[in-house]
Every structure is written in C-alpha cells, then in structure tokens.
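Following: one structure in structure tokens, then a few remarks.
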Amino acid sequence: MKKKLLIVEDEKNLCLLYKEELTKAGYKVTAVMDADSALKEIRSHSFDLIVTDIRMPKKNGIELITQIMGLRKDVPIIINTAYQSYKHDFMTWAADAYIVKSASLEELKVKIKELIG
Amino acid sequence: MIERYNPLLHEFSMETSKEIQLFSIIAQSFFQPFSLLDNLLVIMTALTAGHGLGFNRAMLFLANGDKLKGEFWLGPASAEEAESIWRVLSTPGIGYPEIIEHNRSLLNGEVDTLSARIKKMSYPLHKGESLIPALPVSTNEIVLVRDARNESLVDNRFREAIDTDEFLCIPLLAAKEALGEIIVDNAITGQPIRNRDVELASICGLFASNYIYTAKLQKRVVDMKKVAAMGEMAMFVTHQLRNPLVTIGGFADQLLDPKIGPRKRKRNLQIIRSEIRRLERTLLQLTQFLRVDIREKSSVDIKEMLNLVLESVRPRIDSLKLTIDVEVEAGLRFALCDPIHTGEAVRNVVDNAIDAVGNEGKIYLRAYRENADWAVIAVQDTGPGIPESVKNKIFESFVSTKEKGMGLGLAYVKRVMDACGGRIEIKSVEGQGTTFKLYFKTQPKERGAKK
C-alpha cells in the first residue's frame with residue numbers, strides 16, 4: 001500500500017512540483033493550497049504524513065499545526081518553508097522536521113523516508 | 001507687588017557674575033537641537049565669551065582611537081582682533097544665537113587662523129610616558145601649566161604653537177573612556193588663571209564630556225539600527241528569491257529527465273519563464289526602493305500624472321468587479337515633485353487600495369487644492385481598513401499586512417514624499433476602509449514649465 005501524504009503549499013507552481021515529484025517517489029499525494037482545505041482533508045481522510053508551508057494567506061502553518069494537534073491525529077508533520085526564522089517560534093518544535101525550501105527536493109524526500117519509510 | 005524677569009538671560013552685562021553667565025549660555029544649549037559641534041562650540045563660547053567672563057582662547061582636542069587630535073581653537077589671534085571680537089560680543093542685546101553664529105563664522109571664515117595651527121596636531125595617548133597636552137587625558141587630571149617655557153613635561157611643538165606661559169588643560173572623560181581635552185589660556189590679557197577659573201573650567205569640561213559621550217552613544221544606536229534593518233532586509237530578500245528559485249530548480253530538474261514528454265516540457269518551460277518574471281519584478285521593486293534619489297523637483301501636472309497611473313492599473317481594475325471614481329479639481333496647480341517617482345508612489349497607493357477592496361468594492365481617487373500652497377491626492381477605499389496594531393508601522397520597510405507583500409510599497413511612498421518635501425497622511429477605520437492623502441507643495445501653472 002502506498003503511503004499517503006498531504007502537502008500544504010500556497011504557491012501554485014510549487015504545489016504542483018511537490019505533487020509530481022513526491023508521486024514519482026512512490027507516494028499517494030494530496031496537495032492543497034491553504035490551511036482550511038488541509039483541515040478539511042485531515043478530518044475526512046487519514047494521512048501518513050503532512051508537509052506544510054508556514055507563510056500562507058489567511059491561516060498560517062503554525063495555526064494549522066496547532067489545530068491538527070487539537071484534532072489528536074497522531075501524524076508526523078514536516079515544516080517546509082522559505083524562512084529560517086520560524087525555527088525560533090516554539091510552536092514549530094511540535095513538528096517532526098523543519099526544512100528550509102531548496103531547489104533540490106532531496107532533503108524533503110530523505111526526511112519523509114526517515115519518518116514513514 | 002510683583003517683579004518680572006525674562007526667563008532666559010539674553011544679555012550679558014559686565015555686572016552679571018561669571019558663573020551665572022556661564023550657566024546661562026550652557027543652559028540655553030539644552031533647548032537647541034542636538035548637534036555635537038554646536039554644543040561644543042557653546043562650551044567653548046562659555047569659556048571665552050566676554051571680556052571679564054572667562055578665558056581668552058580655548059582649544060579643543062578630541063580622542064580618535066589612541067590619538068589625541070586637534071579640532072579647533074577659538075579666540076582672537078592678537079590683541080587687536082580680541083578688541084574687535086569682544087566689541088561684537090559685548091554689544092547690548094546680543095544673545096546666545098548671535099554668539100553661536102559668530103563662533104561658527106570664526107570656524108568657517110578666513111579669520112580662523114588659530115584652528116589651522118592645531119588641526120595638524122596629533123599626540124599618542126600612551127599611559128606613563130606622554131607629554132602635555134596628552135598627559136592630562138592619560139592620567140585624568142586637570143593640569144595647570146604656569147611656566148611653560150621651563151616645563152619639560154610640555155611638548156616642544158605644542159609650546160611653540162600655544163606661545164604662552166600659562167594655560168589650563170581639562171581632560172574630557174566619560175565612563176573611563178578618553179574623549180578629548182580642552183585647553184584654555186589668557187594669552188591676550190595676560191591675566192593669571194585663578195582657582196575659581198579652574199573650577200568653572202572643570203564644570204565646562206564635564207558638560208563637554210557629556211556632549212561627546214551622548215553623540216557617541218547616539219551614533220552607536222544609529223549603527224545598530226542600520227545593522228538591524230540590513231538583517232531584516234536580507235531575510236526578506238532571501239525569502240522573496242527562494243520560492244521562485246525552488247520552483248525554477250525543481251521544474252528544470254524535471255526537464256533533464258529524458259523520458260519527459262513534449263507537453264510537459266512546454267508546461268515546465270512556461271512555469272520557469274513566469275517565475276523568472278516574478279524574480280525580475282521583485283528585483284525591480286527592490287532597486288526602485290533603494291534608489292530613491294530625488295535631487296531636482298519639477299512642476300508636474302497632477303491630472304496628467306493621475307491619468308498615467310490610471311492607465312497602468314486599468315487592466316487590474318477591469319479584471320475585478322470594482323469601480324474607481326476619479327475627480328480632479330479644475331484649475332489645480334502643478335505639484336512640485338519628481339514626476340516618475342511620484343507617479344510610481346501614487347500607483348503604489350492605488351494598487352494597495354485595489355488589494356484592500358478585493359473583488360468587490362469602490363475606490364475614490366480625488367485631487368484637490370488644500371490651500372494656496374498645497375494640493376492633495378487622496379485615495380480612499382472601502383476595504384477592511386488597517387488593523388490598529390500595525391497602523392503606526394506601515395511606513396516602515398519590510399512591514400506588510402499582505403501575506404505575500406514585500407513591505408516596501410508604503411516605505412517607498414513615504415521616501416518619495418519626504419524627498420519631494422511633501423507628506424502623507426492616513427485615516428483608517430477597521431471595517432470601513434482607508435484613506436491615504438498625499439500632500440504636494442504646488443506652484444502656479446506657468447507657460448513653459450517643465451512637464
């Protein structure tokens with residue numbers, strides 16, 4: 001059975017890129033572009049891992065993580081952001097990994113593999 | 001019965017005591033905008049102004065690294081010059097501003113022969129082996145030299161320059177940091193330096209130290225702010241560049257896959273192209289922001305400028321369901337500003353208004369005469385308004401209420417308005433909308449005025 005990933009990324013092109021590349025890497029990928037859509041997906045489906053951006057319109061990734069924790073879903077979360085600085089926000093410590101976006105998706109793929117195989 | 005006194009002692013008469021005159025001059029400097037040179041000049045003035053008030057001449061050395069360097073020397077070069085200076089300074093009705101003005105002209109003018117003599121002087125500030133004038137700073141002592149000709153502790157070159165037997169050295173120190181030294185003498189009148197003079201001069205030294213120290217702290221704060229701003233800027237730029245780069249890199253990697261089909265190849269190239277355009281826009285915005293440099297202002301036809309702005313935002317307005325209502329007062333005077341930057345600034349404000357109202361709403365663009373000298377361009381929107389918490393920060397760079405904003409737009413607008421000698425005002429009520437008012441200085445329409 002393929003592992004299921006949820007990608008939350010508000011940049012259209014990046015969202016597409018992650019979906020394609022992670023599908024190619026052998027995962028079943030659902031990609032959404034904002035936190036509320038992500039919550040809707042999480043409530044109705046189960047995922048093996050969530051990858052989320054932080055700086056997004058309306059609800060940001062940190063609020064999303066807080067709400068996921070409130071749902072008591074035991075799912076690993078990877079933060080994937082362009083900012084180094086959110087590492088100082090202690091709420092990001094709740095995530096299982098913090099990745100600064102890079103043109104190579106290797107780090108992201110390696111972290112996903114580490115966490116869920 | 002009441003008696004009335006002027007709260008500021010503007011006139012210095014012979015009868016007023018030395019101390020009162022001294023404190024009066026220094027106290028008045030507290031009400032001036034802080035400028036180190038002016039404030040030090042005040043001290044030097046307090047030391048030398050008036051016939052019987054203080055010393056004849058005062059020189060200032062400032063510490064620069066481990067060297068004590070000559071800055072300026074205030075006072076007459078000869079007895080004749082002394083007469084003329086003191087005549088000016090004892091004119092009835094002369095006050096603090098006149099004295100400062102006089103001293104400034106001394107420093108800048110051709111009469112300044114003394115300063116030229118000490119400008120090139122520089123003495124190392126080593127503990128133990130230093131000679132006067134560096135000695136008092138090294139040991140933190142006030143030193144009164146009585147017989148300079150026969151005193152081996154006085155540096156030879158300095159003895160020649162000051163050319164007088166008796167002088168007083170007051171070290172300037174704060175928080176154990178050597179800041180400089182003031183040296184005063186009575187070379188013209190030949191009056192001996194008394195204990196009372198030493199005491200008064202040492203008080204002046206304390207004031208001067210305080211001024212120099214404050215200026216140093218101020219500079220440190222400014223430097224720190226600059227570093228902080230640079231850091232913030234670096235962070236934003238990194239972020240603004242990273243997302244498009246990640247996208248470009250990712251889709252370029254896919255292109256390297258030999259199995260990629262023609263359709264996907266074309267799509268990837270299109271994505272890469274659009275991301276590169278985005279990078280270009282970001283860089284353009286940044287350079288535009290960094291390069292606001294308005295040297296010359298010209299008369300700009302406000303109506304014409306607004307038409308250009310409207311033309312450039314028209315496609316955005318048409319793609320949304322919003323209306324823009326424009327009204328320009330007839331016979332509006334020309335604005336004195338930079339046509340290109342100002343146009344860009346107004347476009348930024350209008351763009352913000354469009355962002356604020358979103359898909360449906362109304363924007364009012366007004367240009368009218370405020371009074372004889374000022375014209376206003378007002379941009380009002382029916383958007384959500386600016387949250388109270390960010391209202392006083394919106395003109396700072398890298399502050400944005402938009403998730404994708406660079407936070408440069410309004411900072412840029414403010415810089416342009418400042419550079420044009422105009423100003424910007426903002427009124428915003430949460431839930432009701434925002435109005436930006438740009439104030440421009442105007443000038444009458446002239447034939448042949450540069451457009």
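Observations on the model:
- Matching residues in segment A:63-117 - criterion: being within 14 Å of chain B (Cβ to nearest Cβ) and in a helix (DSSP H, G or I): A:63, A:64, A:85, A:86, A:87, A:88, A:106, A:107, A:108, A:109
- Only one entry of B:261, B:231, B:250 meets the criterion of being at negative phi, crowded, with 16+ Cβ neighbours inside 10 Å and outside the structural domain of residue B:348 (by TED's automatic domain parsing), and that entry is B:250.
- Whichever residue in segment A:47-62 is closer than 15 Å to residue A:100 by Cα and assigned to a strand (DSSP E or B) and, among such residues, is nearest to the chain's Cα centre (by Cα): A:51
- Residue in segment B:345-356 that is within 30 Å of residue B:232 (Cα to Cα), at pLDDT 80 or above and in contact with a Ser or Thr (Cβ under 7 Å, 6 or more places away or on another chain) present: yes
- Qualifying residues in segment A:34-69 (those that are basic (Lys, Arg) and at pLDDT 90 or above) - the one nearest to residue B:236 (Cα to Cα): A:40
- Residue check for residue A:11: within 30 Å of residue B:270 (Cβ to Cβ), out of contact with any helix residue (DSSP H, G or I) (no Cβ under 9 Å at 6 or more places or on another chain) and within 11 Å of chain B (Cβ to nearest Cβ): no
- Yes/no for residue B:62 being modelled with pLDDT of 75 or more and either assigned by TED's automatic domain parsing to the domain that holds residue B:118 or more than 30 Å from residue B:126 (Cβ to Cβ) (or both): yes
- Test: residue B:296 is among the acidic types (Asp, Glu), part of a loop (DSSP other than H, G, I, E, B) and surrounded by fewer than 18 Cβ atoms within 10 Å (Cβ to Cβ): yes
- Some residue of segment B:286-293 being within 14 Å of another protein chain (Cβ to nearest Cβ) and either under 30 Å from residue A:102 (Cβ atoms) or touching a His at 6+ places or on another chain (Cβ under 6 Å) (or both): no
- Screening segment B:171-184 for residues that are β-branched (Val, Ile, Thr) and out of contact with any Pro (no Cβ under 7 Å at 6 or more places or on another chain) and picking the one that is farthest from residue B:79 (Cα to Cα) gives B:182.
- Every test in (1) surrounded by 19 or more Cβ atoms within 10 Å (Cβ to Cβ); (2) in contact (Cβ under 8 Å) with a residue 60 or more places away in the chain; (3) at the interface with another protein chain (Cβ under 9 Å from one of its Cβ atoms) is passed by residue A:21 save one, and that test is (1).
- Just one of the listed residues (B:82, B:77) is surrounded by 12 or more Cβ atoms within 10 Å (Cβ to Cβ), in a helix (DSSP H, G or I) and modelled with pLDDT under 75, and it is B:82.
- Residue in segment B:222-238 that is polar (S, T, N, Q) and away from chain A (no Cβ under 14 Å) present: no
- Filtering segment B:234-247 to residues that are touching a Phe, Trp or Tyr at 6+ places or on another chain (Cβ under 9 Å) and either closer than 16 Å to residue A:11 by Cβ or surrounded by fewer than 19 Cβ atoms within 10 Å (Cβ to Cβ) (or both) leaves B:235, B:238, B:239, B:242.
The values are calculated or read from the model by the stated rules, or taken from the named source; none is laboratory data. Please read these numbers as outputs of a predicted model, since none were measured by experiment. We place every Cβ from the backbone using ideal geometry, glycine too, and count neighbours over all the protein chains shown.
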